[in-house]
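Each remark here refers to the structure printed beneath this line.
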Amino acid sequence: MALVVLALPATGADRFGLLLTPAQLDWVGARIYQNECASRPECLVHWNEGEAFPSLGIGHFIWYPGGVDEPFVESFPGLVSFARQRGVAVPGWLAELSPLDAPWPDRSGFLAAQSEPRIASLRQWLSDTQGLQVAYILGRAETSLAQVVAAAPAGQQASLSRRLEALTATAGGSYALIDYVNFKGEGLVPGETYQGQGWGLLQVLQQMAHYEALPALDAFRLSAADVLTRRAENAERDIERERWLPGWLNRLETYREP
């Protein structure tokens, strides 16, 4: 079923041409849903083994329980705010949470609560609002492009802009940017590093300097593989190298033209 994508206000990133047709946005949303959830509704409310938080929606938006402090950008509260700003109702229990923390303290508590109405209503809401989620992901990516360039050293900004312009010129390149920002973030949060090295969009764009002779999308895919492999090698937990990295690299193989 085609996803209905809500209109977004213009942003400063429009100069990079991140403008897709409705059909292309449907394709991007379907790809992200496949990447994160294998297009399975039960995966819309999920808690990965080895993580301290649940992942929700077609973009597996992170939602921290109270007291959890991880070096990753939390994105689910932003989706809730995005929905409210656009007049989209959220489940009543979710609207009443204050602070807006995940109500399950850990993965075992989450798994024990699978039959609770709260999880069923949350999964239904996320199934019903897939178009809203694509709009949220797109909006974050659009904002991120200008922020990433501005955060780069002055001597790199022109080359990063050229790489972004080349990527956003095609549907496949635009998908890669949108998905990667949703998947691994912008790379701008100081604490979101291992051994001082980040893994977000900024770092991938910088790594593209090693592949200048290749088409932009090929260079992005190879650079992202380098950056994520480095992250896994720097990680303290074996699970990142042994279980997560192969899936990340498989995901990057979808970064091709439709």
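Laid out as a table, the results:
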{"item": "Whole-number D in µm² s⁻¹ for the range 60-172, Kirkwood Cα-pair radius fed into Stokes-Einstein, 4 °C, 1.567 mPa s", "result": "78 µm²/s"}
{"item": "Candidates per GluC sites (Glu not before Pro) in the range 223-258, loop by DSSP, up to 11 other Cβ within 10 Å", "result": "GLU236, GLU253"}
{"item": "Hull volume in cubic angstrom per residue (convex hull over the Cα atoms of the chain)", "result": "128 Å³"}
{"item": "Distance from the range 56-108 to the range 241-258 (C-alpha centre basis), Å", "result": "26 Å"}
{"item": "Förster radius 30 Å - calculated FRET efficiency between VAL68 and ASP226 (Cβ-Cβ, nearest 0.05)", "result": "0.50"}
{"item": "D_trans [Stokes-Einstein, Kirkwood Rh over alpha-carbon pairs] for the range 142-258, 4 °C, 1.567 mPa s, µm² s⁻¹", "result": "91 µm²/s"}
{"item": "Gaussian network model of the chain, Cα within-10 Å springs - most flexible of PRO99, PRO215, PRO41", "result": "PRO99"}
{"item": "HN-Hα J in Hz across the range 86-102 - Karplus 6.51, -1.76, 1.60, θ = phi - 60°, x for Gly and Pro", "result": "9, x, 8, 5, 10, x, x, 5, 5, 5, 8, 5, 8, x, 7, 9, 4"}
{"item": "Accessible surface of ARG107 - all protein chains present, 1.4 Å probe, nearest 10 Å²", "result": "80 Å²"}
{"item": "Estimated [θ] at 222 nm from DSSP helical runs (n ≥ 4, -39500 (n - 2.57)) normalised by residues in the chain, nearest 500", "result": "-15500 deg cm²/dmol"}
{"item": "Largest to smallest accessible area among SER115, SER223 [probe 1.4 Å]", "result": "SER115, SER223"}
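The values are calculated or read from the model by the stated rules, or taken from the named source; none is laboratory data. Given the structure is predicted, the values throughout are model-derived calculations rather than measurements. Virtual Cβ from ideal backbone geometry, glycine too; neighbours counted across all protein chains shown. All accessible areas refer to the heavy atoms of the entire protein, side chains included, with ligands and DNA or RNA removed. Shrake-Rupley method; radii C 1.70, N 1.55, O 1.52, S 1.80 Å.
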